[in-house]
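In what follows, a single structure is set out as structure tokens and then discussed.
The values are calculated or read from the model by the stated rules, or taken from the named source; none is laboratory data. Fair warning: this is a prediction, and the values are worked out from it, not measured in the lab. Cβ placement follows ideal geometry from the backbone for every residue including glycine, while neighbour counts extend to all protein chains displayed.
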Amino acid sequence: MTDAGKEEGGSLARGAPDDCLYVFSDGGARLNPGPAGAGGLARTTDDRVVAEVCEYLGTATNNVAEYYALILILEAVAEAGFRRVKVHTDSTLVANQVKGSWRIKDDKLKPLVGRVRTLLEPYREVEVKYIPREKNSECDALATKAIDEGLQGLKEPLLGPTDETLF
């Protein structure tokens, strides 16, 4: 995770009780499966960045990368004190499976969906929304940067050989 959203002293910027947190995420893989990255961004109503993630995952499928991007940004803001969250993803699969509109046919995605739902439980209000890819360019750039840095040896993969059931 980058230091975006950190206040002096290293603590996470906190939300006021009625503030809404806007979470954006994008994951991607070159080839499928292939080198994968996760990008995420969380902002307040007044557009203040609370947290940002840019992680190289190693080898994963695109769907796994999409879920990890959302998981990582939700973990990054878990202690920020917001009660309302609006999640934006350019993956129709993630948006619809997290909301429960679509069945989870792929068994390897079930624990990832479960983790997202667990991370969303503390919020009083949750909205999960699909957005077009062009409205998620910042997170796409973070995921791409993560893959590039991983392939250049600048980042270690987050997923290891024990995670190979995910791809």
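So G160 clears everything in (1) exposed (fewer than 13 other Cβ atoms within 10 Å of the Cβ); (2) at pLDDT 95 or above; (3) more than 13 Å from V23 (Cα to Cα) except one condition, right? Which one?
If we test G160 against (1) exposed (fewer than 13 other Cβ atoms within 10 Å of the Cβ); (2) at pLDDT 95 or above; (3) more than 13 Å from V23 (Cα to Cα), just (2) comes out false.
Go through the residues of segment 132-142 one by one and say whether even a single one is part of a loop (DSSP other than H, G, I, E, B), of a type in the set (D, E, K, R) and modelled with pLDDT of 95 or more.
Looking through segment 132-142, none of the residues is part of a loop (DSSP other than H, G, I, E, B), of a type in the set (D, E, K, R) and modelled with pLDDT of 95 or more.
In segment 100-114, is there at least one residue being in a helix (DSSP H, G or I), at pLDDT below 95 and either in contact with a Ser or Thr (Cβ under 9 Å, 6 or more places away or on another chain) or under 24 Å from P33 (Cα atoms) (or both)? Please lay out each step first, then the result.
So the first thing to find is which residues in segment 100-114 are in a helix (DSSP H, G or I), and the list is 107-114.
Then keep just the ones that are at pLDDT below 95; that gives 107-108.
Okay, now just the ones that are also either in contact with a Ser or Thr (Cβ under 9 Å, 6 or more places away or on another chain) or under 24 Å from P33 (Cα atoms) (or both), so 107-108.
Yes; the residues of segment 100-114 include at least one that is in a helix (DSSP H, G or I), at pLDDT below 95 and either in contact with a Ser or Thr (Cβ under 9 Å, 6 or more places away or on another chain) or under 24 Å from P33 (Cα atoms) (or both).
Limited to segment 31-55, what total is found for residues that are surrounded by fewer than 18 Cβ atoms within 10 Å (Cβ to Cβ), among the charged types (D, E, K, R) and part of a strand (DSSP E or B)?
Total satisfying the criteria: 0.
Restricting attention to segment 72-92, and to residues there that are surrounded by fewer than 19 Cβ atoms within 10 Å (Cβ to Cβ) and closer than 15 Å to G27 by Cβ, which single residue is nearest to the chain's Cα centre (by Cα)?
E75
Can you say whether G58 is surrounded by 15 or more Cβ atoms within 10 Å (Cβ to Cβ), modelled with pLDDT of 95 or more, more than 16 Å from the chain's Cα centre (by Cα) and not aliphatic (A, V, I, L, M), as far as the supplied structure shows?
no
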